[in-house]
1. Once you have a ≥ b ≥ c as the square roots of the Cα gyration tensor eigenvalues for the range 157-205, tell me rounded if a/c is under 1.5, and otherwise prolate or oblate according to whether a/b is larger than b/c.
2. Over all distinct alpha-carbon pairs, what is the Kirkwood Rh of the range 224-368 in angstrom?
3. Quick check on the chain: of the DSSP beta bridges with both residues there, what percent are antiparallel, nearest 5%?
4. Taking springs between alpha-carbon atoms closer than 10 angstrom, which of Y279, Y103, Y349 fluctuates most in the Gaussian network model of the chain?
5. Work the Kirkwood hydrodynamic radius out for the range 235-290: mean of 1/r over every pair of different alpha-carbon atoms, inverted, in Å.
6. Can you give the translational diffusion coefficient of the chain in µm²/s, computed by Stokes-Einstein from the Kirkwood radius over Cα pairs at 25 °C and 0.890 mPa s?
7. Which value, in Å², gives the accessible area per residue of the chain when a 1.4 Å probe is used on the protein heavy atoms?
8. If ligands, DNA and RNA are left out, what is the accessible area of Y285 with a 1.4 Å probe, given in Å² to the nearest 10?
Amino acid sequence: GQEVESASGEVTKVMNPSSGSVVDTVSKGNRDDVRKAVDAAEIAFKKWSKVAPAQRGEVLYKGAQAISAHIDELSRSLTKEQGKPIKEARMEIRRFQHTMEYYAGLGKNLRSIQIPIADGRFGMVLRLPLGVCGAIIPWTFPISLMGNKLAPGLLAGNSFVVKPASTTPLTAIRVCQLLSEAGLPEGTLNIVAGPGSSVGQEMLENHKIVKIGFTGATDTGKNVMRTAADTLKHVTLELGGSDPMIICDDADLGEAISSASVGRFFNCGQACLAVKRLYVFDSVYDKVVSGLVEKVKKLTLGDGFNEKARLGPLHTEGQRKEVEDQVADAVKRGGRILAGGKRPEGAEYEKGNFLLPTLVENVPDDAM
């Protein structure tokens, strides 16, 4: 179970969002690479699926220990390619480790059951793995969200082909290597980095893949569901959609303000369940807004390796442009900027995708 090297010899540059520099290159996979990975996973499934669930759990636990032993290396890699502060990167690697440990502990409980019917007859409920599964991972939380797919799937006896986001493949590749070295049979866990239009599409269309787990944009999720229907794949979709937060007049305002700040600005606001709109009762509005403005202005921007930085850059130049367009649209429609709304000044920010944390009030409901 290693990264599939592309036969084409093409590579993709992985960029550092804080500096615009190249972190590393990775093989640019294509449809043929996916087919090779699927074939390897199909062969490995026959062996891995016959391993007792408790023993599979032991392998997952060894994998979790390997991740823990390399947390500094993995955290630094994640910060370089994704941009998030090193503290948040460590949290994400720890989350992956804990997810693996949790499912490893369930191995001894993964059993088939016997159900009495009548006259000495009984029925059997067999808990069996599906086969080769595909995992398509986003750039927001590339390691923890990969863990949410791999841990239960591997414990159940399935084999995997993983497609990381094209902008965050490096740490995922290293994690898959460590898990494989911990005891997974060769070919059980495979990772192919490449474009969604080729690598992702082949995973959706390949008849040997029986389950797809996808986390990403809603429009892409619709395509996943449509395409997977042709081969009747099992599909799990975790799609985007920022949520509103309501602060009532009887709330603990200090707690509410802190929750709103974390809910919006954790991971630089790049989370599918982040707080996007804030609705506040009139009677406490002024207190909440003034407190939130004060808190937001204290959020320090910086390179992810700056321990004082509370916010890193946005992940790509395109992401920053999208947020800037949203702010401009809100202002055009009558919104008023209370904090941020522009790029930070200073030489240390010039080459990165930095944007000041921003608050806008009185934004119409139909704004972007």
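The values are calculated or read from the model by the stated rules, or taken from the named source; none is laboratory data. Here the structure is a predicted model, which means the values were calculated and not measured. Methodologically, a virtual Cβ is constructed for each residue, glycine included, from the backbone with ideal geometry; neighbour enumeration extends over all protein chains shown. Protein only, heavy atoms only, side chains kept; ligands, DNA and RNA dropped before computing areas. Shrake-Rupley method; radii C 1.70, N 1.55, O 1.52, S 1.80 Å.
1. Working: a/c = 3.63, a/b = 1.45, b/c = 2.50.
Oblate.
2. Numbers: mean 1/r = 0.0591 Å⁻¹.
When all Cα pairs of the range 224-368 are included, the Kirkwood radius is 16.9 Å.
3. DSSP beta bridges in the chain are roughly 30 percent antiparallel.
4. Among Y279, Y103, Y349, the largest mean-square fluctuation in the Gaussian network model of the chain belongs to Y279.
5. Mean inverse Cα-Cα distance, inverted, gives 12.2 Å.
6. 110
7. Numbers: 18140 Å² over 368 residues.
Value for the chain: 49 Å² per residue.
8. 60
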